[in-house]
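Worksheet for the structure shown next.
The values are calculated or read from the model by the stated rules, or taken from the named source; none is laboratory data. These numbers were taken from a predicted model, which means no experiment stands behind them. Heads up, the Cβs are rebuilt from the backbone with ideal geometry, glycines too, and the neighbour counts pull from every protein chain shown.
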Amino acid sequence: MKMRNLGVMATLGVLAAVGFTRLALADCPVLLPPSSPMIEFDADCWSYETSYTSAGFNSNPGSTLTIVGIVSKFDAPLAFLNASDPSKEYTFVATGLISAGTVAVNPFGTTWYYTTAYAGGSFVIYEGTPRNAPTAANIASNPPGGATVPANFQDGTPILTGDLCGFNTSISQTGTGLPNGNFGATYHFTNPNAPGAPPPGNLYNLMGGAEASFGGNWCVTSGGCTPPGYSAHPNGKWDSPPSTPTKKSTWGTLKTLYR
């Protein structure tokens, strides 16, 4: 029983270290618990880095992470956008994520934990025509930095932009078994003055700039879910912001609320 408790405490220590690394790297809001998904992506999303070694899932300090993907579904309050519309394509690119270096620990047994914190980061969600971004069916023949990646993920009209904070990845592997990974960050939207639907403003007016969670799974199985040249095959979501956006009003309108 004592040995089991020591293992539990060691695991908790690893998780605590990950949390403190994340907060020390950037002054971020506390990572929010999952809420209602608003923008989802799954099979057609990949990441790549400027200095990454798949052995040990090692991101070197200073390496820049980029994530490209195709939106698979919009939920409330963006459910009026149809990610399956054959005449349109909704894509995103997250850039400017700077690695603090991967930390690998083996607290007990044969299980290793690999955690990486990234500073900075921003993203743009695009609406474009035609549907020309690489998919899971052909991504292996479209390496990062080539003619289509990231070019075909950012050739539409920006409809939402945002900043990321405290982005981090966590991977565990026991022996030679398949690794398990996840990623997380907070985000907020940043383009209140951009043109676009719905009138008279844009998508930002539906959500505002409140902080919410961005995260999901981070698959790193080399030769399986992750094609050559890429560091991971994520799938995840942007959660809906927890508060409604600020709306303009007048002093006279406010006074009527108290009459």
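In the stretch 204-211, the condition of being at pLDDT 95 or above and crowded, with 20+ Cβ neighbours inside 10 Å is met by no residue.
Summed over the stretch 126-150, the residues that are within 19 Å of the chain's Cα centre (by Cα) and more than 20 Å from residue 83 (Cβ to Cβ) give a count of 1. Picking from residues in the stretch 183-197 that are of a type outside the set (A, V, I, L, M, F, W, C) and over 10 Å from the mean Cα position of the chain (by Cα), the one that is surrounded by the fewest Cβ atoms within 10 Å (Cβ to Cβ) is 193. Of the strands (runs of 3 or more DSSP E) that lie entirely inside the stretch 83-136, those containing 1 or more residues that are surrounded by 20 or more Cβ atoms within 10 Å (Cβ to Cβ) and polar (S, T, N, Q) span 89-108, 111-119. Any idea which residue in the stretch 54-74 is farthest from residue 226 (Cα to Cα), counting only those that are modelled with pLDDT under 95 and of a type outside the set (A, V, I, L, M, F, W, C)? Checking each candidate, the answer is 56. On the basis of being modelled with pLDDT under 95, surrounded by fewer than 20 Cβ atoms within 10 Å (Cβ to Cβ), part of a strand (DSSP E or B) and not aliphatic (A, V, I, L, M), does residue 200 make the cut? Answer is no for this residue.
Scanning the stretch 163-180 for residues that are touching a residue at least 60 places away in the same chain (Cβ under 8 Å) and either of a type outside the set (A, V, I, L, M) or within 22 Å of residue 83 (Cα to Cα) (or both) turns up 165, 166, 167, 168, 169, 170, 172, 173, 174, 175, 179.
Within the stretch 155-178, the set of residues being in a loop (DSSP other than H, G, I, E, B) and crowded, with 17+ Cβ neighbours inside 10 Å comprises 156 only.
Test residue 79 against the criterion of being on the phi < 0 side of the Ramachandran plot and in contact (Cβ under 8 Å) with a residue 40 or more places away in the chain, and give yes or no. Judged against the criteria, residue 79 is not a match. Against the list (1) surrounded by 14 or more Cβ atoms within 10 Å (Cβ to Cβ); (2) at pLDDT below 95; (3) outside any strand (DSSP E or B), the condition residue 80 fails is (1).
Yes or no: residue 75 surrounded by fewer than 16 Cβ atoms within 10 Å (Cβ to Cβ) and either in contact with an Asp or Glu (Cβ under 8 Å, 6 or more places away or on another chain) or charged (D, E, K, R) (or both)? Taking the combined requirement at face value, the residue does not satisfy it.
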